[in-house]
Amino acid sequence: MIRAAIVGLGRWGKALVGAAAGAGGSDVERDLHFVLGLTRTRASAEAFCRERQITLVDSYDDILRDPDIDAVVLATPHSQHQAQALAAIAARKHVFVEKPLTLDLASARVVAEAAHRAGLILAVGFTRRFHPSIGELRARLADGRLGTLTALVAQHTTSTAQFITPDNWRAAPREAPGGAFTAVGMHALDHMVEFAGRVRDVRAITARNYPGPSDDTTTVMLRFASGASGLIFCSVATATNFSFSAYGTKGLAEITHADLSRFRFTPASTAAPTGIVTAPPDEVLEFSGFDMLHAQMTAFARTIRDGNSYPVPIADVLHGMAVFDAIVESAERGGEVITVKE
């Protein structure tokens, strides 16, 4: 069993701790066991940690000095990721960090190179890669049922902006460059990088629908080196929803619902229409109740244990950071087309 420390015990940090145990919750069923915790707001985490037998410590150094800690899981403000990850790597700890890895490509490369030199696992929290709906899309692209990929269209929204107080770190503009893209859009970009490859250039615009210091809505157009195109709409200022569609020359694959539970595949027509254009019958699969976070944390632990590669390649993460840089620059320039510099 991998012994880990959780750094950051807000809403998401607590979700990661709970996910490590999964539905059973017993130590026997865990691949990753949290034994230490650190948070800025100790009082709000004491009962949670007591119930799970997690010892709260007073400083990050307490975690780094502990020889029994194999891994550090970072669920902290984005601007802290680089320094915290580098410190953990220097202390010979494997690192799981919530997305984004850092806030720009240059700092992300520093962290990735440090982990590589040390021979340690660096995992980034793109949890949706582990969902079986994404796996179904991946399989249909790999076996040719989708044909040549022509376009990707995604929308990811959450009804959260109205609940973020001005003093919450997520409200700070430096923690959310690119508007809602930092909070939710990066998941869609990660899928696009996996399925369509390298992005050539982007155009992005942002908007602010709720009073506050940061933009809450972002729209991005992407052109891929392969010739495919992409469109991402993301917002934290409307109802919660998710959809991801992959258009190929032989069919359409679509994932919908906030929990990614519905997968639909429609093959392209094989005969010319004789009247109203209709589509062949859909294939629909349902994956309700799948625990993406548990799958992700289990994969992190087993990668450490078995010495395998983590399922989200760092090369994809770094290219995503290069695209992120271009999106932020485009938004700052009012939607100018920006070439991805990588």
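The values are calculated or read from the model by the stated rules, or taken from the named source; none is laboratory data. Owing to the predicted nature of the structure, the values given are computational and were not obtained by experimental measurement. Quick reminder, even Gly has a Cβ in these numbers, built from the backbone with ideal geometry, and neighbours come from all protein chains shown. Accessible surface areas use protein heavy atoms only, side chains included; no ligands, DNA or RNA. Shrake-Rupley method; radii C 1.70, N 1.55, O 1.52, S 1.80 Å.
Residues that are crowded, with 18+ Cβ neighbours inside 10 Å, touching a His at 6+ places or on another chain (Cβ under 9 Å) and either of a type in the set (Phe, Trp, Tyr) or outside any loop (DSSP other than H, G, I, E, B) (or both) within the range 234-283 comprise CYS234, SER235, PHE242, SER243, PHE244, ALA246, ILE255, listed in sequence order. It is to be established whether one or more residues within the range 162-172 are farther than 17 Å from ASP325 by Cα, at pLDDT below 95 and of a type in the set (D, E, K, R). Checking the range 162-172: at least one residue is farther than 17 Å from ASP325 by Cα, at pLDDT below 95 and of a type in the set (D, E, K, R). Within the range 284-300, the presence of a residue that is open to solvent by less than 50 Å² (accessible area, probe 1.4 Å), small (Gly, Ala, Ser), farther than 18 Å from ALA112 by Cβ and more than 17 Å from the chain's Cα centre (by Cα) is excluded.
The set of residues in the range 78-89 being over 12 Å from ALA114 (Cα atoms) and open to solvent by 20 Å² or more (accessible area, probe 1.4 Å) consists of SER79, GLN80, GLN84.
Of all residues in the range 262-285, those that are touching a residue at least 40 places away in the same chain (Cβ under 8 Å) have Cβ atoms under 6 Å from Cβ atoms of residues that are aliphatic (A, V, I, L, M) and assigned to a strand (DSSP E or B), 6 or more apart or on another chain, in PHE263/ILE255; PHE263/LEU285; PHE265/ALA253.
Candidates THR218, THR158: the one that is outside any helix (DSSP H, G or I) and open to solvent by less than 10 Å² (accessible area, probe 1.4 Å) is THR218. With the condition kept exactly as written, say whether any residue in the range 113-124 is farther than 16 Å from LYS99 by Cβ, in contact with a helix residue (DSSP H, G or I) (Cβ under 9 Å, 6 or more places away or on another chain) and open to solvent by 40 Å² or more (accessible area, probe 1.4 Å). The answer is yes, given that some residue of the range 113-124 is farther than 16 Å from LYS99 by Cβ, in contact with a helix residue (DSSP H, G or I) (Cβ under 9 Å, 6 or more places away or on another chain) and open to solvent by 40 Å² or more (accessible area, probe 1.4 Å). Between GLY178, GLY185, the distinction of being touching a residue at least 24 places away in the same chain (Cβ under 8 Å), in contact with a helix residue (DSSP H, G or I) (Cβ under 6 Å, 6 or more places away or on another chain) and buried (at least 18 other Cβ atoms within 10 Å of the Cβ) belongs to GLY178 only.
Looking at the range 45-68, can you tell me whether even one residue there is of a type in the set (A, V, I, L, M), under 24 Å from LEU101 (Cβ atoms), crowded, with 19+ Cβ neighbours inside 10 Å and in contact with an Asp or Glu (Cβ under 7 Å, 6 or more places away or on another chain)? For the range 45-68, residues of a type in the set (A, V, I, L, M), under 24 Å from LEU101 (Cβ atoms), crowded, with 19+ Cβ neighbours inside 10 Å and in contact with an Asp or Glu (Cβ under 7 Å, 6 or more places away or on another chain): absent. From the list VAL317, VAL312, the lone residue that is part of a loop (DSSP other than H, G, I, E, B), among the aliphatic types (A, V, I, L, M) and surrounded by 13 or more Cβ atoms within 10 Å (Cβ to Cβ) is VAL312. For the range 197-208, the criterion of being outside any strand (DSSP E or B), modelled with pLDDT of 95 or more, charged (D, E, K, R) and under 21 Å from GLU329 (Cα atoms) is met by at least one residue.
Within the set ARG129, ARG140, ARG92, the sole residue that is open to solvent by less than 30 Å² (accessible area, probe 1.4 Å), at pLDDT 95 or above and either hydroxyl-bearing (Ser, Thr, Tyr) or more than 21 Å from the chain's Cα centre (by Cα) (or both) turns out to be ARG140.
Cβ-Cβ distances below 6 Å connect the following pairs, each with a first residue in the range 229-254 that is more than 25 Å from LEU285 (Cβ to Cβ), a second residue that is at pLDDT 95 or above and open to solvent by 60 Å² or more (accessible area, probe 1.4 Å), and a separation of six or more residues or different chains: SER229/ARG223. For the range 130-155, which positions are of a type in the set (Val, Ile, Thr) and assigned to a loop (DSSP other than H, G, I, E, B)? Passing the criteria: only THR148.
Would you check which residues across the range 61-75 are touching a strand residue (DSSP E or B) at 6+ places or on another chain (Cβ under 6 Å) and either free of Cβ contacts under 8 Å to residues at least 60 places away in the same chain or among the hydroxyl-bearing types (Ser, Thr, Tyr) (or both) and list them? Selection gives ILE63 alone.
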